[in-house]
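Heads up: the structure comes next, in structure tokens.
The values are calculated or read from the model by the stated rules, or taken from the named source; none is laboratory data. Note that the structure is a prediction, hence the values are computed from the model and not measured. Cβ placement follows ideal geometry from the backbone for every residue including glycine, while neighbour counts extend to all protein chains displayed. When the accessible area is computed, the model is the full protein with side chains, heavy atoms only, and any ligands, DNA or RNA have been set aside. Shrake-Rupley method; radii C 1.70, N 1.55, O 1.52, S 1.80 Å.
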Amino acid sequence: MLKNRIIPCLDVKNGRVVKGINFVDLKDAGDPVEQAKIYSDGGADEICFLDITASNENRDTIYEVVEKTSKKCFVPLTVGGGIRSIEDINKLLNCGADKVSINTAAVQNSKVVADSSKKFGSQCIVVAIDAKQNGKKWEIFTHGGRNSTGIDAIEYAKKMEECGAGELLVTSMDRDGTQVGYDIKLMSKISSKVNIPVIASGGVGNLNHLLEGIKLGGASAVLAASIFHYGKHSIKEAKEYLDSKGIPVRI
Amino acid sequence: MNVSIVDYKSGNISSVINSFKEVAQNKKVRIEVTSDLNKIKSSDKVVLPGQGSFKSCIDALNTINGLVETLDNFAINIKKPLLGICVGLQMFADVGYEEIETKGLGWIPGKVTKINNQNGEYKLPHIGWNEINIVKESKIFKDIEDNSHMYFVHSYEFIPDDKNVILATTNYSSNHVCVVEKENIFGTQFHPEKSDKTGLKIINNFINL
């Protein structure tokens, strides 16, 4: 039976791990290579790096981090943040990333998704959707949540599936950093509308939130950051909790 | 010992390279990443990775003059161990139906077709960790327990004509072939290079064959 995945996400800035509360007020939580190794040894099903300041700063540090990590971690490694072009994707994959997560560039030009999934295969193309509730709808935001676009998140998700995305990483901008749980309505709306796996993100504060993301949100995988980083919970605890609630996990 | 990972410019093989180097580091094994026909021919073992579509991988193999013939010779005449990973395994088939009907290498008779998603009930690709059900013992499974988890990413499956080549299956909407062995030819549908310690064991077992 296919297992639901638990993915710790490490926000990386200048080669160091940080986690922002609503994308500001950053704290330093260590070396990404070492952290990734701790997570993979601890049973993480995948590792995700998000290069948070990639849009406006020198990106070369992330390549080095990816290269070092991929020599030590033998679980899938997804890298996102600031990916603009096929060339960026190629470079990250060559450094040892297994998947890339494309956000702003996909919104600006869906051809990036279509072309890259054709060139590298859908299996390595994750489209990251940052959405914020606006009345009864959800709107797509870009540039790390700074810019609104007016695009409907549900329709956009379907479009990205058609373009060849292999997975969707859905983050609720309302919930990110709040620790009050995923936006379940958003997750379930998207996961029921597309036939590709959805990774839920944004807002995890306790283990029950992971359960909700899978059970109520229909997510194939759950992504979280701070509950793992600061030692609140281990990956093992998360898996044992989900297992006790009848969710299939790899233990 | 020389192990050649065939570099035919299709998809991302850095994880395959890293994992083989990790396993080989304390052994007298040299990992070569190459498309050089002579190097491949003189290797003790060959690894054929594969990402992207069946067609794109076959096309990429054909782009390198003489590569298919060299691999054919290695697998069928020289009969030294060869491991196909993911689409690398799928290409063993006679024919694949991804994008368009495409002729495969034809080493293990059979076809590659899309997984039946039961009208959308199962999401595709089949991405993530799934258990392998070992149906036949093999050296490739040394120290690997039945129902071990491996990392999968695929939407298409290999259906061999001769069920005797099947070493293991995995269940997702139905049972899919996930490890095959035919004489010197081995293949895994999952990614041992991304399947943590258990996956590295598979790689180790292949190197030790």
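Of everything in the stretch A:128-168, what is within 14 Å of another protein chain (Cβ to nearest Cβ) and either within 14 Å of the chain's Cα centre (by Cα) or among the small types (Gly, Ala, Ser) (or both)? Give them in sequence order.
A:ALA157, A:GLY164, A:ALA165, A:GLY166, A:GLU167, A:LEU168
Need the failing condition index for B:GLY50 against (1) within 20 Å of A:ASN90 (Cα to Cα); (2) open to solvent by 10 Å² or more (accessible area, probe 1.4 Å), just the number.
(2)
May I ask you to list pairs of residues, at least six apart or on different chains, whose Cβ atoms are under 6 Å apart, with the first in the stretch A:91-118 being at the interface with chain B (Cβ under 10 Å from one of its Cβ atoms) and among the acidic types (Asp, Glu) and the second being open to solvent by less than 10 Å² (accessible area, probe 1.4 Å) and not in a loop (DSSP other than H, G, I, E, B)?
Listed by first residue and then by second, the contacts come to A:ASP98/A:LEU77; A:ASP98/B:SER15.
Which one of these does B:PRO160 not meet: (1) without any contact (Cβ under 8 Å) to a residue 60 or more places away in the chain; (2) open to solvent by less than 40 Å² (accessible area, probe 1.4 Å)?
Result: B:PRO160 passes all but (1).
Of the residues A:ILE235, A:ILE154, only one is open to solvent by less than 50 Å² (accessible area, probe 1.4 Å) and at pLDDT 95 or above; which?
When all the criteria are applied, what remains is A:ILE154.
Identify, by number, the condition in (1) open to solvent by 70 Å² or more (accessible area, probe 1.4 Å); (2) more than 27 Å from A:TYR230 (Cβ to Cβ) that A:GLY135 doesn't meet.
(1)
Looking at the stretch B:78-103, I want the residues that are under 18 Å from B:ASN2 (Cα atoms) and have a partner that is open to solvent by 10 Å² or more (accessible area, probe 1.4 Å) and part of a loop (DSSP other than H, G, I, E, B) with Cβ atoms under 8 Å, at least 6 apart or on another chain. Which pairs are those?
Partner pairs satisfying both residue conditions: B:LYS79/B:GLU183; B:LYS79/B:ASN184; B:LYS80/B:ASP44; B:LYS80/B:ASN184; B:PRO81/B:ASP44; B:PRO81/B:ASN184; B:PRO81/B:LEU209; B:LEU82/B:ASN184.
Given the criteria within 14 Å of another protein chain (Cβ to nearest Cβ), touching a Leu at 6+ places or on another chain (Cβ under 6 Å) and farther than 27 Å from A:LYS37 by Cβ, does B:TYR156 qualify?
No, not satisfied.
Counting only residues that are closer than 22 Å to B:LEU209 by Cα and either buried (at least 17 other Cβ atoms within 10 Å of the Cβ) or in contact with a Pro (Cβ under 7 Å, 6 or more places away or on another chain) (or both), how many does the stretch B:53-86 have?
Residues that pass the stated criteria total 10.
When both residues are 6+ apart or on different chains and their Cβ atoms are under 6 Å apart, which pairs have a first residue that lies in the stretch B:28-45 and is part of a loop (DSSP other than H, G, I, E, B), and a second that is among the hydroxyl-bearing types (Ser, Thr, Tyr)?
Hits for this filter: B:SER35/B:TYR8; B:SER43/B:SER4.
Looking at B:SER195, B:SER174, B:SER155, B:SER138, can you tell me which residue is surrounded by 23 or more Cβ atoms within 10 Å (Cβ to Cβ), among the small types (Gly, Ala, Ser) and touching a residue at least 40 places away in the same chain (Cβ under 8 Å)?
B:SER195
All but one of (1) surrounded by fewer than 24 Cβ atoms within 10 Å (Cβ to Cβ); (2) within 19 Å of B:ASN18 (Cβ to Cβ) hold for B:LYS39; state the number of the condition that does not hold.
Unmet condition: (2).
How about the stretch B:16-35: which of its residues are among the small types (Gly, Ala, Ser) and within 14 Å of the chain's Cα centre (by Cα)?
Passing the criteria: none in range.
Any residue in the stretch A:175-199 that is on the phi > 0 side of the Ramachandran plot sitting within a Cβ distance under 9 Å of a residue that is open to solvent by less than 70 Å² (accessible area, probe 1.4 Å) and of a type in the set (Ser, Thr, Tyr)? List the pairs, counting only those 6 or more apart or interchain.
A:GLY177/A:SER226; A:GLN179/A:SER226
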